[in-house]
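The values are calculated or read from the model by the stated rules, or taken from the named source; none is laboratory data. Please read these numbers as outputs of a predicted model, since none were measured by experiment. Reconstructed Cβ throughout: ideal geometry from the backbone, glycine too, with neighbour counts over all protein chains shown. Just so you know, the surface numbers come from the protein's heavy atoms only, side chains and all, with ligands and any DNA or RNA stripped out. Shrake-Rupley method; radii C 1.70, N 1.55, O 1.52, S 1.80 Å.
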Amino acid sequence: MNTRTLVKNLAALPDGPVTVSGWVETVRDQKKVQFVILRDESGAVQLVNPATREVEEGADAEASARLATTEAISALAHGSFITVTGELKHDERVKLGGLEVKIASLEIVTAANPETPIAADSSLDKRMDWRFLDLRHPKQALIFRIQTTFLHALRGVWIEKGLIEIQTPKLMASASESRAELFEVEYFENKAYLAQSPQFFKQMAQAAGFGGVFEVGPAFRADPSFTSRHATEFTSIDTEISWIDSHEDVMALHEELMVAGFQAVVDKHGAEIAELFGIELAVPSRPFPRIPLAEAKQIVADRGYVIPRTDDDMDPEGERQISAYVKEAFGHDFVFLVDYASSIRPFYHMRHEGDPSLTNSYDLIYNGVEISTGAQREHRIDVLVEQARDKGMDPEELEFYLDFFRYGVPPHGGFGMGLARVLMLMLEEHSIRETTYLFRGPTRLLP
Ligand code: AMO
């Protein structure tokens, strides 16, 4: 390893020799002095070089070296990765961090092509073509630090509660959600399908007696749409717990996870989020408001927006409207819409005792967009088979799944949540393309 000091650690060092490594953000090549802004994963620092433009014939090796460094800086392409050794000097007149490094030696480790293919005003699509350069911006990188912190906090809650982390297969013999949006792949002599959700296998863990499980992993949907919230591959945060009384228990866990995740993000990144995104991120208070779907539709209608489809789900404008209402009425950014009609829910959702037209399920809406679906599952095999038939499904095709329920299984439930959507809404970004490391959509498989 080289002995570089991370830029963020320079401030704590006394004046003296240091080595820093990173990429060149800007070069200011003045006649008498040259400035280079070097950035690494932790911050940016100003490097300074008193320019040596020419040396006398027969000058000593040191003077020749100074000339070589000056010429190298003049020719230095933005983005090149360099290592610089020099003298650290604290100087409050330096705007960037109140310090600079006077270059003694500069090594161009890898030179960048001189023309940078993207600029600050490039389109999102263009930036995605050059995602590795786009991600060099501190704002972009911060998104993935926040994601790391958020997931770490969620894991903290799950592990504290004794849940087991699982990795379920993404190659499947059947659909995991519906036959719509299903990717089919050649699988030797047969067909396989890419998992749309770990749904069946996280439920299997309940039959396996695991008590509670979680998974953060890829999910695939052959969704041809180009909205700001849909990807063909996304990271799904899933959890499933046994011995629940109803979906209320799932929502309680969901709230706990969100509060822990937001608390960790605010604690660790609140100041940077304010600086780079202009957002004062707050930790949501518990309990999150809960509104039955039918009531939510009425509230939205009373606000003057009639959801076009009659028996259907909320549409995106309906989600925005109900969020606006919840913000006004409760000052909350989150709302659980509960009691979805069984007509618009999958066969595995448990229906209300005494009113099979409704399910023990919910969607979590955050700042106007659905981020999650959760439910109590039907664990009684006869009822489950009936519900599958009711949805026009062939129980024979579901045999492997139905078997989970034939050898005893506790009551259980869980949720699935799109990671990129949470981050998009948290950071008020316009698209999950911004909050996905490498986005996948109908026309994007590269890089
Ligand atoms: P659902 O299909 O509602 O439920 O998906 C759960 C959450 O996953 C995210 N999501 C997506 N994100 C990006 N692009 C997509 N194409 C996409 N599709 C879904 C959303 C959504 O709220 N098995 C159930 C969950 C459960 O009941 O546990 C399921 O998959 O944030």
If one builds a Gaussian network model of the chain from Cα atoms under 10 Å apart, the most fluctuating residue listed among R131, R309, R155 is R309
Interchain or sequence-distant (5+) residues whose placed amide H lies within less than 5 Å of the amide H of T5 are T19, V20, S21
Relative to the longest principal axis of the chain, what angle (0 to 90°, nearest 10) does the C-alpha long axis of helix 61-74 take? 40
Gaussian network model of the chain, springs between alpha carbon atoms under 10 Å - residue of F334, F35, F347 with greatest fluctuation: F35
Highest-fluctuation residue, G408, G318, G261 considered, GNM on the chain with Cα pairs under 10 Å: G408
Between V185 and L67, what is the label-point separation in nm under the 7 Å Cα-to-beta-carbon projection? 6.0
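Could you report the chain's accessible area per residue, 1.4 Å probe, as an integer in Å²?
About 49 Å² of surface per residue is accessible.
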At what distance in angstrom do the alpha carbon centres of the stretch 27-88 and the stretch 233-248 lie from each other? 56
Ranked order, W130, W243, W23 - accessible area, probe 1.4 Å, largest first: W243, W130, W23
Calculate what fraction, in whole %, of the accessible area of the stretch 221-379 sits on carbon and sulfur atoms when a 1.4 Å probe is rolled over the protein chains. 51
In this structure, among K102/K139; K161/K391; K8/K32, pairs with alpha-carbon gaps over 31 Å are K161/K391
Keeping all protein chains in the complex and leaving out DNA, RNA and ligands, what accessible area do you get for I344 with a 1.4 Å probe, in Å² to the nearest 10? 40
If you fit an axis through the alpha-carbon atoms of helix 247-277 and take the longest principal axis of the Cα set of the chain, what angle between them do you get, 0 to 90°, nearest 10? 20
Counting every C-alpha pair in the chain, the percent lying more than 41 Å apart is 33
Calculated from backbone phi, Karplus (6.51, -1.76, 1.60) coupling profile of the stretch 194-211 in Hz, x at Gly/Pro: 7, 4, 8, 5, x, 2, 5, 7, 6, 5, 4, 5, 6, 5, 7, x, 6, x
Residue-by-residue Karplus 3J(HN,Hα) for the stretch 97-113, coefficients 6.51, -1.76, 1.60, Hz, glycine and proline x: x, x, 7, 8, 10, 7, 5, 9, 9, 10, 10, 7, 6, 9, 7, 8, 4
Most positive-pole-ward Cα, A72, T116, L96, against dipole of the stretch 71-118 from beta carbon charges: L96
Net charge dipole size for the stretch 241-389 [Lys, Arg +1 and Asp, Glu -1 on Cβ; Debye, nearest 20]: 140
How much of the accessible area of the stretch 7-110, probe 1.4 Å, is carbon plus sulfur, in whole percent? 53
Taking H as built 1.01 Å from N, whose amide H comes closer than 5 Å to the amide H of A51, not counting residues under 5 places away? V33, Q34
C-alpha center-to-center spacing [the stretch 413-446, the stretch 138-208] in angstrom: 14
Given the options I322, L281, T235, identify the residue whose Cα lies farthest towards the positive end of the charge dipole of the chain (+1 on Cβ of Lys, Arg; -1 on Cβ of Asp, Glu). L281
Going from most exposed to least, what order do D91, D333 have by accessible area with a 1.4 Å probe? D333, D91
About the Cα centre, and with charges only on the beta carbon of Lys, Arg (+1) and Asp, Glu (-1), how big is the dipole of the stretch 108-186? Nearest 20 debye, please. 380
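Would you please name the trypsin sites (Lys or Arg not before Pro) within the stretch 19-109 that are DSSP coil residues with at most 12 other C-beta atoms within 10 Å of their C-beta?
The qualifying sites are K31, K32, R53, R93, K95.
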May I ask you to list the chymotrypsin sites (Phe, Trp or Tyr not before Pro) in the stretch 362-447 that are in a DSSP loop and have at most 10 other Cβ atoms within 10 Å of their Cβ? Y407
Per residue of the chain, what 222 nm ellipticity follows from adding -39500 (n - 2.57) for every DSSP H run with n ≥ 4, rounded to the nearest 500? -9500 deg cm²/dmol
Within the stretch 355-447, which GluC sites (Glu not before Pro) sit in a loop by DSSP and count at most 14 neighbouring Cβ atoms inside 10 Å? E428
If you count only protein heavy atoms and use a 1.4 Å probe, how large is the accessible surface of M128, to the nearest 10 Å²? 10
